[in-house]
1. Go through (1) surrounded by fewer than 21 Cβ atoms within 10 Å (Cβ to Cβ); (2) over 26 Å from the mean Cα position of the chain (by Cα) for Asp213 and report which single condition fails.
2. For region 310-389, please list each of the strands (runs of 3 or more DSSP E) lying entirely inside it that holds at least 1 residues being modelled with pLDDT under 95 and on the phi > 0 side of the Ramachandran plot.
3. Return the pair list, or none, for Cβ contacts closer than 9 Å from residues in region 145-168 that are crowded, with 19+ Cβ neighbours inside 10 Å to residues that are part of a loop (DSSP other than H, G, I, E, B) and of a type in the set (Val, Ile, Thr), at least 6 apart or on different chains.
4. Which residues, taken from region 264-300, are polar (S, T, N, Q) and within 24 Å of Gly14 (Cβ to Cβ)?
5. Looking only at helices (runs of 4 or more DSSP H) that fall completely inside region 159-278, which ones have 3 or more residues that are of a type outside the set (Phe, Trp, Tyr) and over 30 Å from Lys134 (Cβ atoms)?
6. Enumerate the strands (runs of 3 or more DSSP E) found wholly within region 1-115, keeping only those where 1 or more residues are crowded, with 21+ Cβ neighbours inside 10 Å and of a type in the set (Val, Ile, Thr).
7. Search region 27-45 for residues that are more than 21 Å from Val90 (Cβ to Cβ) and touching a residue at least 60 places away in the same chain (Cβ under 8 Å) and pair each with any residue that is part of a loop (DSSP other than H, G, I, E, B) and among the acidic types (Asp, Glu) when their beta-carbon atoms are under 6 Å apart and the residues are at least 6 apart or on different chains.
8. Can you tell me which residue in region 359-409 is farthest from Ala69 (Cα to Cα), limited to those that are acidic (Asp, Glu) and touching a residue at least 24 places away in the same chain (Cβ under 8 Å)?
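The values are calculated or read from the model by the stated rules, or taken from the named source; none is laboratory data. Model, not experiment: these values are computed from the prediction. Cβ placement follows ideal geometry from the backbone for every residue including glycine, while neighbour counts extend to all protein chains displayed.
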Amino acid sequence: MDKIVIEGGNRLIGEVTVSGAKNAVLPLMAACLLVDDWCELTNVPELRDIETLKVLLRFMGAEIEEDPAAGKLRIRAGEIKKPEAPYELVKTMRASVLVLGPLVARCKRAKVSLPGGCAIGARPIDLHLMGLEKMGANIEIEHGYVTVSAEHLHGEKIYLDSPTVTGTENLMLAAVYADGETVLENAAMEPEVVCLADALNSMGADITGAGTDTIRISGVKALRPLKHTVIPDRVEAGTFMVASAMTRGNVLIKNCNIMDLETISVKLREAGATVDEEPDGLRVIGHYPIRSVDFRTQPFPGFPTDMQAQMMSMMSVASGLSVILETVFENRFMHVSELKRMGADITINDRTAIVKGVRGLSGAQLMATDLRASASLILAGLVAEGTTEVSRIYHLDRGYEKIEDKLLALGAEIKRVKDNG
């Protein structure tokens, strides 16, 4: 097992190119199940979650060709021999449930392990199943698996009690072959949902309204093979934005969609950083002292829950008091205990964190608990005095492509080593 070792105190200066978005790649890979010919994705990062989904697709019978150096991935689900997602694969990545919609649409049936628990909170798939049932599917749950069958899916108006991203995507993937029109109300508006809708439309689907809270899908009889470029990862971009602001850096963040980063830019400017648009991307320049800011996480276009931990690391060394309200997940403050080991002054009350900025953090041996917590601890290590060691970074590898190499190129003193502990 590896760990990340950081010597704090260096300013980040230079340019960094953002990789393709993990949360966009996964539903696009699931969409490849809708056709029996070769599909091609570009700007695909090398990430653990993507590797997991490759294993699952191969288990079903899909062929996969890849060129990691070029960021290319080709998938052909010519014959889906096993329309199933076993527990051994789904337990390591909840997004595996995205295969449910396309399997039911194409194969008329699917058997998928229920995802179970998640470190940052409950993520039930009740809304996925409710939508499929309204579209005419038969749902059976036993022995930890959900079996969905439907000879013919039909269009239906579906109201989602919460704007679930994977639920919206799963129902879109199922509805493309349904008879008539499916309307998803209170749908998720995230850029990754728009990316999937654009990709499906390029295949011949008829989807309108993606990016709003009402999405309409008119079913079609057949689709063309997918060929699509993955959008940049807005969370990776936001992480480097915060890293530059925290370290009094001067970093140009390239290959990013500036509009997707607006709420992060607003909060960083409130905190005293300079955030300027340039032809190649966003330039973030950090200034001391960092000003404390309050924020609450919300579904897009609000402040992203996936950036809460990173922003909290910055507020730990800000001047003043900040109040952070986590509204999306009920257990997303697990990084707090590790930040406090570095000297951070943070008090938790239910879903609210009160952060009193301190003069400085001190390096410590830390343990990552989830993907975004991993990033927050690395950011804290960049400004801490002394050495910081972050263990359990297999979480990090699920969603950040070679982050230590990118930070090293910006001037950080950081390395990956074997964790013999």
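1. Unmet for Asp213, out of (1) surrounded by fewer than 21 Cβ atoms within 10 Å (Cβ to Cβ); (2) over 26 Å from the mean Cα position of the chain (by Cα): (2).
2. Per the criteria, no element qualifies.
3. Hits for this filter: Val146/Ile125; Thr164/Ile125; Thr166/Ile125; Gly167/Ile125.
4. Answer for region 264-300, where residues must be polar (S, T, N, Q) and within 24 Å of Gly14 (Cβ to Cβ): Ser265, Thr274.
5. Output list reads 234-246, 262-270.
6. In region 1-115, the matching strands (runs of 3 or more DSSP E) lie at 2-7, 13-17, 72-76, 109-113.
7. Pro45/Glu401
8. Step one: list which residues in region 359-409 are acidic (Asp, Glu), which gives 370, 385, 389, 397, 401, 404-405.
Applying the additional criterion that residues be touching a residue at least 24 places away in the same chain (Cβ under 8 Å) yields 370, 385, 389, 397, 401, 404.
Working: Asp370: 27, Glu385: 36, Glu389: 29, Asp397: 17, Glu401: 12, Glu404: 18 Å.
Step by step, filter region 359-409, then rank; the result is Glu385.
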